[in-house]
Amino acid sequence: MQIELDRFLGKCSCGHTHSISVEGIYIEPNACRYLGELLQSYKHPVFICDSKTKKASEEALNKYFKENEVVELSGEGIHADNQNVARLSERLNDEADIFIAVGSGTIHDLTRYVAFQKGIPFISMPTAASVDGFVSTVAAMTWNGLKKTFPAKAPIFVLADTNIFSKAPYRLTASGISDLMGKYTALTDWKISHMITGEYFCSRIYDLEIEAVREVESILGEIKSGNEECMEKLMYALLLSGLAMQMIGNSRPASGAEHHISHLWEMSVINEPIDALHGEKVSVGLIMCLEKYGQILKAIESGKCKIIDNAEFETALLKESFGKKGLYEGILEENGDNLLKSINLSRLKNQLPAIAAELRKLPGSDEMEEKLNRTDCITSMQELNLPDIKELTLTLSPYVRRRLTLMRISKLFSI
Ligand SMILES: [Zn+2]
Ligand SMILES: [Zn+2]
């Protein structure tokens, strides 16, 4: 199927005129057949892949690999970092006028970064439905050990070939499912922040995404059993999440408290480094958020949720935790002026019933945990080899990004 992109463009009731940079998205068996036509106007296409993704796409792309230059990054555990950018750059000649990223998140991050540096376009060919970042306009990279986001190119076309991505190792698909389910709390955080502070919000994007997330949630069993049509629906929902980010120019609709938890663990501030896929960390973050949000809902419904004047940064704790890694200044800089101070406490009190109404729309943590378990997704800190740092994680994670979430707002609650 070709995704009808017109429905994402133009003047919107949110006041914005939405635009996207991707020109076409195809999700279907043999989607690689469009490559020939798309590459016609280019003189020197270069395919970028790693050993695994090259193998996974060999059957479908054999002809193209033979006729064009292919840069294959070899070795285990390739990350989106400055070493691999250097490795990739030294193998690219100056004649390249378009890249084709054949891979999952890492290959895409490396390609979009290099494409931006060289000022040339790229085509995305996802080899797994593993993340929502294929159409991202930024590259998430590790630069000299620090996590950074760089401006980068979005693909001009996405050719998601079902014959390729539906055969990906299931662990990658499960990670994609989890990243997508994380939109539940991300979208709720966005809507609640809008209600409390008047932050910009687009109900069209919210509705589009929620609908796609619910659809995937209803076919998890079929995805697990490898049903191709259902795998395409997962890929569609992930790409839609990426388009939502393009439409408003940042990751607000795709990343909330559940992603902050994942980012905190990636910083190894209160834990040893963990080796897990993006969606696996988000998965556990999601369950923790849903549990906490469920407790908040209960407290509001029973009249026990009180508003307290507690907007100050938890300076001592931040110093002790982030400071140990030399990240205290960076965290203060990221947070800028304190988001909680922009909240009017009496308005917050009046909004409690409306917050409760939003929370009632969320799945319960037990229900989501059970669904994800049944789908072989990761759901517990133990599976990530993390010790029991749940409370500290909930307290510190809202500080990793300057973005209001209910987790952050809940510092103003006594429940
Ligand atoms: Zn809008
Ligand atoms: Zn994500």
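Given the peptides 271-280, 401-410, 6-15, arrange them by the average over their residues of other C-beta atoms within 10 Å, most packed first. Mind dumping the intermediate values first?
Values: 271-280: 17.1, 401-410: 22.2, 6-15: 11.5.
Order by mean packing, descending: 401-410, 271-280, 6-15.
Using only helices, what value at 222 nm comes out for the chain when you add -39,500 (n - 2.57) per DSSP H run of length 4 or more and divide by the total residues, to the nearest 500 deg cm²/dmol? Each step should come with its number before you reach the end.
Details: 18 runs with 207 residues, N = 415.
My calculation for the chain gives -15500 deg cm²/dmol from helical runs alone.
May I ask what percent, to the nearest 5, of DSSP beta bridges between residues of the chain are antiparallel?
Values: 11 of 33 bridges.
So the antiparallel bridges in the chain amount to around 35 percent.
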Among ALA357, PRO398, ASN338 - extreme Cα towards positive end, dipole of region 337-415, charges at beta-carbon:
ASN338
Most positive-pole-ward Cα, MET125, SER89, SER193, against dipole of the chain from beta carbon charges
SER193
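Please report the orientation-averaged projected area of the chain, defined via the convex hull of its C-alpha atoms, in nm². Show your work: numbers first, answer last.
Working: hull surface 77.9 nm².
It is 19.5 nm².
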Within the set GLN40, GLN83, GLN246, GNM on the chain using Cα springs under 10 Å gives the largest fluctuation to GLN40
Would you look at the GNM of the chain, springs on alpha carbons closer than 10 Å, and say which of GLY24, GLY226, GLY336 moves the most?
GLY336
The simple spin-label model distance between HIS16 and HIS79, using points 7 Å out along Cα→Cβ, in nm, is 3.1
So who's got an amide H within less than 5 Å of the one on PHE413, skipping anything under 5 residues away but keeping other chains? H placed 1.01 Å off N, in plane.
ILE308
Once you wrap a convex hull around the alpha carbon atoms of region 159-246, what is its projected area averaged over all directions, in nm²?
5.9
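About the Cα centre of region 40-110, how large is the charge dipole given +1 on each Lys and Arg Cβ and -1 on each Asp and Glu Cβ? Please answer in debye to the nearest 20.
Details: 8 positive and 13 negative charges, 41 e Å.
In total the dipole reaches around 200 debye.
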So for HIS16, HIS44, what's the accessible-area order with a 1.4 Å probe, most first?
HIS16, HIS44
Expected max-MSF residue from GLU67, GLU266, GLU314 in the GNM of the chain (alpha carbon, under 10 Å) is GLU67
What's log10 of I(q)/I(0) for region 5-168 at q = 0.12 Å⁻¹, Debye sum over Cα points only, no solvent?
-0.51
Going down the table (LYS11/LYS341; LYS191/LYS390; LYS349/LYS390; LYS361/LYS411), which pairs top 30 Å between alpha carbons?
LYS11/LYS341
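Which value, in debye to the nearest 20, gives the size of the charge dipole of the chain about its Cα centre, when Lys and Arg are +1 and Asp and Glu are -1 at the Cβ?
Numbers: 46 positive and 56 negative charges, 212 e Å.
Computed charge dipole of the chain: roughly 1020 debye.
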Rounded, prolate or oblate: which fits region 358-406 when a ≥ b ≥ c are the square roots of the eigenvalues of the alpha-carbon gyration tensor, with rounded for a/c under 1.5 and prolate only if a/b beats b/c?
oblate
Excluding residues on the same chain fewer than 8 positions from LYS63, give the lysines whose Cα lies under 27 Å from its Cα.
LYS43, LYS52, LYS54, LYS55, LYS118, LYS153, LYS167
Helical segments meeting 27 Å axial Cα length and Kyte-Doolittle 0.0 threshold in the chain (DSSP H):
228-248, 278-301
Region 5-168 - charge dipole about Cα centre, Lys and Arg +1 at Cβ, Asp and Glu -1, debye rounded to 20:
280
Using Cα pairs under 8 angstrom and six or more residues apart, how large is the relative contact order of the chain, in percent?
16
In Å, what Kirkwood hydrodynamic radius results for region 240-368 from the alpha-carbon pair distances?
17.2
Which listed residue (VAL71, SER41, ALA160) has the Cα farthest towards the positive end of the charge dipole for region 5-168, taking +1 on Lys and Arg C-beta and -1 on Asp and Glu C-beta about the Cα centre?
ALA160
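The values are calculated or read from the model by the stated rules, or taken from the named source; none is laboratory data. Predicted model, so just to flag it, every value in this text is computed and none were measured. With ideal geometry, Cβ positions are generated from the backbone for all residues, glycine too; neighbour counts draw on all protein chains shown. Protein only, heavy atoms only, side chains kept; ligands, DNA and RNA dropped before computing areas. Shrake-Rupley method; radii C 1.70, N 1.55, O 1.52, S 1.80 Å.
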